[in-house]
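The values are calculated or read from the model by the stated rules, or taken from the named source; none is laboratory data. These numbers were taken from a predicted model, which means no experiment stands behind them. Glycine gets a Cβ as well: all are built from the backbone with ideal geometry, and neighbour counts include every protein chain shown.
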Amino acid sequence: MTLSVPGRLPTALTVAAAALLTGGTVAWAAPAPATPRAAAAAPDIPVANVKAHLARLQSIATANGGNRAHGRSGNKASLDYVKSKLDAAGFATSVQQFTSSGRTGYNLVADWPGGDTGHVVMTGAHLDSVSAGPGINDDGSGSAATLETALAVSRTGYHPAKHLRFAWWGAEELGMVGSRTYVNGLSAADRSKITAYLNFDMIGSPNPGYFVYDDDPALEKTFQDYFTGLGIATEPETEGDGRSDHAPFKNAGIPVGGLFSGADYIKTAAQATKWGGTSGRAFDRCYHQACDTSANIDDTALDHDSDAVAYAVWTLSS
Ligand SMILES: [Zn+2]
């Protein structure tokens, strides 16, 4: 998709200058007609950039006992990495601390300055892994795509009509502790300002499926439209119902949407025909295991889903 360039319209100054050059008198120079607000096209998200974030999360896990789990050093190091990128890109970041199972956890929230703060489009992923492994698909993939989308907002100088907020949750693997803490801490007024919460938890599964959250029809359609444009058939997401950070938002009455490429459910023959990959095998055989490393990623799924994250963020906020 390319950015559409609106037709060049004469400004008041050029109209006046033309009148002067032709010897006419200018009693009144019409103000420049307002250029109609064109919806900005979402940028393509470079999958190499998303993979660079995954490589960094992998090296953080490797240097911190093999995981990025709640209460472990790799979790805080992951947060510091993401926060430093966002701070350098001009986001207003804040860290919300909480305690779960006797250990400190963190939510990272990043606001992009501008836009109507009465209408917030929020995008999130969980930054903690299980303690068994580095959690690169679960949920390094969603964390990295969300980060790269936020960085693309900065890189392109995007001025959305709505306000953009991004979040990286702590302690999802302990029962969505971080996202519940965040939602519970919002006033009723602040909850009502969030017009959409988009969740990305596992979007690079090695034997991937293309599942779209079916919780909200308008948000579901936004993602379906993107994949229709790619010629990829999607299915409603059912495996993760209530099992990720969108659940606290949905329970608070906030419209939720998102993508999922599959965990330990088995790919059917029909799904393999539709999406490729191997039937009779889990979408992610390394789900919650030590082998959920940077080798446990399907680049094509990660690429398409990362682009879909940006498409939804741009489409819903412009
Ligand atoms: Zn997860």
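Laid out as a table, the results:
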| read-out | value |
| --- | --- |
| Any helices (runs of 4 or more DSSP H) falling wholly within segment 151-249 and containing at least 3 residues that are within 16 Å of the ligand (Cβ to nearest atom) and at pLDDT 95 or above | 177-184 |
| Test: residue in segment 116-126 that is of a type in the set (Asp, Glu), under 23 Å from Arg56 (Cβ atoms) and in contact (Cβ under 8 Å) with a residue 12 or more places away in the chain | no |
| Segment 222-255: number of residues that are in contact with a Lys or Arg (Cβ under 7 Å, 6 or more places away or on another chain) and farther than 28 Å from Asn184 by Cβ | 1 |
| Residue pairs meeting the criteria (Cβ under 7 Å; at least 6 apart or on separate chains; first closer than 12 Å to Asp214 by Cβ, in segment 240-255; second within 13 Å of the ligand (Cβ to nearest atom) and among the charged types (D, E, K, R)) | Gly240/Asp201 |
| Residues satisfying the stated conditions in segment 260-289, i.e. more than 16 Å from the ligand (Cβ to nearest atom) and of a type in the set (Gly, Ala, Ser) | Ala269, Ala270, Ala272, Gly276, Gly277, Ser279, Gly280 |
| Failed item, numbered, when Ala125 is tested on (1) touching a helix residue (DSSP H, G or I) at 6+ places or on another chain (Cβ under 8 Å); (2) surrounded by fewer than 23 Cβ atoms within 10 Å (Cβ to Cβ) | (2) |
| Residues located in segment 261-301, provided they are touching a residue at least 40 places away in the same chain (Cβ under 8 Å), over 14 Å from Ile232 (Cα atoms) and not in a loop (DSSP other than H, G, I, E, B) | Ala282, Asp299 |
| Residues being within 19 Å of the chain's Cα centre (by Cα), surrounded by fewer than 22 Cβ atoms within 10 Å (Cβ to Cβ) and of a type outside the set (A, V, I, L, M) - total across segment 230-247 | 6 |
| Members of segment 193-205 found to be crowded, with 24+ Cβ neighbours inside 10 Å and more than 15 Å from the chain's Cα centre (by Cα), listed by number | Ser205 |
| Residue in segment 109-126 that is touching an Asp or Glu at 6+ places or on another chain (Cβ under 7 Å), modelled with pLDDT of 95 or more and farther than 21 Å from Lys51 by Cβ present | no |
| Number of the condition not met by Cys291 [criteria: (1) in contact with a His (Cβ under 9 Å, 6 or more places away or on another chain); (2) surrounded by fewer than 24 Cβ atoms within 10 Å (Cβ to Cβ)] | (1) |
| Subset of segment 162-188 that is of a type in the set (D, E, K, R) and either surrounded by 24 or more Cβ atoms within 10 Å (Cβ to Cβ) or in contact (Cβ under 8 Å) with a residue 60 or more places away in the chain (or both) - its residue that is nearest to Gly114 (Cα to Cα) | Lys162 |
| Test: residue in segment 58-76 that is surrounded by 14 or more Cβ atoms within 10 Å (Cβ to Cβ), modelled with pLDDT of 95 or more, in a loop (DSSP other than H, G, I, E, B) and of a type in the set (A, V, I, L, M) | no |
| In segment 126-142, residue farthest from Gly170 (Cα to Cα) [restricted to those that are assigned to a loop (DSSP other than H, G, I, E, B) and near the ligand (Cβ under 9 Å from one of its atoms)] | Gly135 |
| Residue tally, condition in contact (Cβ under 8 Å) with a residue 40 or more places away in the chain and assigned to a strand (DSSP E or B), over segment 82-115 | 11 |
| Any chance Gly257 is at pLDDT 95 or above, buried (at least 22 other Cβ atoms within 10 Å of the Cβ) and away from the ligand (no atom under 16 Å from the Cβ) | yes |
